[in-house]
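*Asks:* Take a look at the following structure, please.
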Amino acid sequence: MKKLVASVLTAVLSLSLLAGCGSADSGQSGKATEAAAGNTAASDDGGAAPAEELLASLPATLQDGDVKATPEMYPNVDFSKPYTVNLYLIGDTPNDWDKVLEQINEYLAPFNTTLNVEIMGWADYPTMYSLVLAGGEQIDMIYTAPWCYMYVENAKGSFYTYDRDFVKENMPLTDKYQAEKSYSEATVNGKIVAMPCNQEKPQNKNVAIRQDIADKHGIDKLENWDDYMNFMLTVAEKETPESGILAQASATNNSELWDVYRQMYNTFYMYEGDYLKYMYSYKEGEKPAIEDIQLAWNTEAFKKFADDMKTLADAGCWSRSALSNTITDDDAFGALQGASIAWNGSVFTFMKTAEKTEGVQCTAYDLTTDNLVQCEEYNNSDMAIAAASKDPIRTAMVLDILKMDTYVNRLITLGIEGEHYTLEGFSFTKGDAAENYVNNSISLSWGVNNGLYEEAGQIPREKEMYDSWEPRIVSNPTISFVFDDTPVSDYASACKTVLNDYIPSLQLGLVEDVDASLAEMNKKLESSGIDKVEEELTKQYEAWLATQ
């Protein structure tokens, strides 16, 4: 799941045309302090202006001008007391993150607040995430998403939940600028469990390959899944024995490749809880009936996918130790150890890395050009206040600033101006130090993104692909359905354990017999209470459907 996130890694995924789918040595040090100090407004008699007056003086929309936060906007915060907000993120750490964080903290100085950030790496966060929230660590805020334990941890009571009144009173900028539609996507039982990002964008999955290797073996291009299978098998047979380059350097699972495959069936997930996923095929203008929704792993689509994965695994397309690999397939592709990756538009980032080596040429392919393009909804990236936070109101203030203050939000999403980028309007150009802070590459930027900025001079091959997605974008009609598994939490937990034991191996084709493995999995699911889970899921879904 670690890359679903990344659908936001590259600037192209914040293209405004798709938004409707929904340093000290450079003079930057001190600029943050000046910007924050300049925020303080005063009334005619010299006193601080009331919060309402300050808010009313701000631009009507984020596109209409800079938004500046001031301490006076947060009357519920006692600024006489210093506080450190401990934030946990997932993913890679940019080389210049410490420099960016330093400037954020300079800006927060007038708020008597410091932001401390811990980043759990891709290989570590699956085990660390729940442990951090369970206790032993002082935590105030954490990145989350439906694919990153959002509903699982909420069911455990790990998140501080709140309503719109809390937002209005403690997150005034968010209350003013956050898309109204977004709230329902992160609301469970009338409570907001995490604050979504502020943009929608396409979530199509593609494959990228070493085109120079394809050309070497007489493969001109890929047009569909069968062409991809042929490329993979050809690399395993003819290239790997010669160069050692794997067809794909898979690690832990093949979830992204599964997402590419299921696009052929125009599918959406109705519910995702770890590997407990329920899926249906989209029919235009309709919400699915409960009988049209299946456990994803019992669909004919997954059975065929698992068969293909076994074919590729048996041919040597990836390592037999792929389950325990700690180097991601994307990093391996960029390091020329793999000839293929699957992901969203983020594949272009790793293509560029690979192409720094002379003679290497990469191409990205959409294998499902006749199928719908799923819209990545607002709640695909969220920021949650931890239930363990010692000061949720101060934490909410910091989140408000991270999300909506123009200066701070730009630091997070683009880096330091003049080093990592230059800006003209909402169009940015990468600076000399851009590689040390790739735009939208840190998970915090995903959670607070407003979809404002696009990269100037976009590479034609990228733009062509994104433009091809626009006419096919479709929103998931069940996106606002949220399954509360609390009544069956023990059964759901047991079923997730079973699925965690089987699905990665099936996705990697590392099983003796696909049918036998699926049968064994389903037998264990039955004894774990899958019928109880599905009974409750059906009950809640039909109740939700009746309100639509």
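The values are calculated or read from the model by the stated rules, or taken from the named source; none is laboratory data. The structure presented is a predicted model; accordingly, all values stated were derived computationally and were not measured. Here the Cβ positions follow ideal geometry from the backbone for every residue, glycine too, while neighbour counts run over all protein chains shown. These accessible areas exclude ligands, DNA and RNA; they are computed on the full protein's heavy atoms, side chains included. Shrake-Rupley method; radii C 1.70, N 1.55, O 1.52, S 1.80 Å.
*Asks:* Can you list, largest first and rounded to whole Å, the semi-axes you get for segment 137-181 by taking the square root of 5 times each eigenvalue of its Cα gyration tensor?
*Replies:* Output for segment 137-181: semi-axes of 22, 13, 10 Å.
*Asks:* Quick one: ranking Y491, Y269 by accessible area, 1.4 Å probe, largest first, what do you get? Before the final figure, lay out each step's value.
*Replies:* Values: Y491 95, Y269 20 Å².
I get Y491, Y269, largest accessible area first.
*Asks:* Distance from a point 7 Å along Cα→Cβ of D515 to each backbone N in segment 302-343: keep the residues under 20 Å and list them by number.
*Replies:* Answer for segment 302-343: 302-314.
*Asks:* Once the dipole of the chain is set up with Lys and Arg at +1 and Asp and Glu at -1 on Cβ about the Cα centre, which of A179, N253, N450 lies farthest towards its positive end?
*Replies:* The one lying farthest along the dipole's positive direction is N253.
*Asks:* Still on this structure, please answer the following. Report T326's accessible area, 1.4 Å probe, all protein chains in place, as a number in Å² to the nearest 10.
*Replies:* Around 100 Å² of this residue is reachable by solvent.
*Asks:* While we're on this one: Residues with beta-carbon under 13 Å from that of Y151, excluding Y151: net charge, scoring Lys, Arg +1 and Asp, Glu -1?
*Replies:* The answer is -3.
*Asks:* If you find the alpha carbon centre of segment 510-548 and of segment 407-444, how far apart are they in angstrom?
*Replies:* Using only Cα atoms to place each centre, the spacing works out to 44 Å.
*Asks:* Enumerate by residue number the chymotrypsin sites (Phe, Trp or Tyr not before Pro) in segment 322-430 meeting two conditions: DSSP loop (anything except H, G, I, E, B), and at most 16 other Cβ atoms within 10 Å of the site's Cβ.
*Replies:* Answer in residue order: F426.
*Asks:* Of the beta bridges DSSP finds with both residues in the chain, what % are antiparallel, to the nearest 5?
*Replies:* Restricted to the chain, the bridges split so that about 65 percent are antiparallel.
*Asks:* Would you kindly derive the ³J(HN,Hα) couplings of segment 428-439 from the backbone phi angles with the Karplus curve 6.51 cos²θ - 1.76 cosθ + 1.60 (θ = phi - 60°), listing them in order in whole Hz, with x for Gly and Pro?
*Replies:* Using θ = phi - 60°, the values come out as 10, 10, 5, x, 4, 9, 4, 5, 7, 7, 5, 4 Hz.
*Asks:* Moving on. Once phi is turned into θ = phi - 60°, what whole-Hz ³J(HN,Hα) does the Karplus curve with 6.51, -1.76 and 1.60 give for every residue of segment 145-159, x standing for Gly and Pro?
*Replies:* Ordered by residue, 3J(HN,Hα) equals 5, x, 8, 10, 6, 4, 7, 5, 6, 5, 4, 7, x, 6, 10 Hz.
*Asks:* Evaluate the distance, in nm, between pseudo-label points positioned 7 Å from the Cα of E237 and of I290 along their respective Cα→Cβ axes.
*Replies:* According to this spin-label approximation, the distance is 4.9 nm.
*Asks:* What is the percent carbon and sulfur in the accessible area of the chain, measuring with a 1.4 Å probe over the protein chains and ignoring ligands?
*Replies:* Its accessible area is 47 percent carbon and sulfur atoms.
*Asks:* If you place +1 on the Cβ of every Lys and Arg and -1 on the Cβ of every Asp and Glu, how big does the dipole about the Cα centre of the chain come out, in debye to the nearest 20? Don't skip to the answer; put the middle values down first.
*Replies:* Numbers: 41 positive and 86 negative charges, 79 e Å.
So the magnitude is around 380 debye.
*Asks:* Follow-up. For the chain, what does the helix formula give at 222 nm: sum of -39500 (n - 2.57) over DSSP H segments with n ≥ 4, over the residue count, nearest 500 deg cm²/dmol? Write out the running numbers ahead of the final one.
*Replies:* On the way: 22 runs with 203 residues, N = 548.
Helices in the chain give a 222 nm mean residue ellipticity of -10500 deg cm²/dmol.
*Asks:* Once ligands and nucleic acids are excluded and a 1.4 Å probe is used, how much of D92 is accessible, expressed in Å² to the nearest 10?
*Replies:* 80
*Asks:* Next up: If you find the alpha carbon centre of segment 245-304 and of segment 67-83, how far apart are they in angstrom?
*Replies:* 45
*Asks:* Taking the simple approach of a point 7 Å from Cα along Cα-to-Cβ for both K532 and F426, what is their distance in nm?
*Replies:* It is 5.0 nm.
*Asks:* Within 11 Å, Cβ to Cβ, of K221, how many net charges do the neighbouring residues add up to if Lys/Arg are +1 and Asp/Glu are -1?
*Replies:* Charge balance near K221 sits at -4.
*Asks:* Okay, next question. Quick one: net charge around M73, please, counting Lys, Arg +1 and Asp, Glu -1 for every other residue with C-beta under 15 Å from its C-beta.
*Replies:* Net charge around M73: -4.
*Asks:* In addition: What distance in nm separates the two pseudo spin-label positions at E358 and D215, each 7 Å out from Cα along the beta-carbon direction?
*Replies:* Here the answer is 1.6 nm between the modelled labels.
*Asks:* Quick one: how many Å² of R210 are accessible to a 1.4 Å probe, rounded to 10?
*Replies:* Surface accessible to solvent at R210 totals approximately 20 Å².
*Asks:* Would you mind calculating the gained length between V474 and S324 on full extension (0.36 nm times residue separation, minus the Cα-Cα distance), in nm to one decimal? The partial results should precede the final answer.
*Replies:* Numbers: separation 150, 0.36 × 150 = 54.00 nm, distance 3.54 nm.
Net length gain for the segment: 50.5 nm.
*Asks:* Set the Förster radius R0 to 25 Å, insert the Cβ-Cβ distance between A387 and Q548 as r into 1/(1 + (r/R0)^6), and round the FRET efficiency to 0.05.
*Replies:* Computed FRET efficiency for A387 and Q548 comes out at 0.25.
*Asks:* Let me ask you something else. From the cross-link list K277/K310; K390/K430; K168/K390, which pairs have alpha carbons spaced over 32 Å apart?
*Replies:* K390/K430
*Asks:* Another one. Say R0 is 41 Å: what FRET efficiency, to the nearest 0.05, do D307 and K191 get from their beta-carbon distance? Before the final figure, lay out the partial values.
*Replies:* Working: r = 43 Å, r/R0 = 1.05.
E(calc), rounded to 0.05, equals 0.45.
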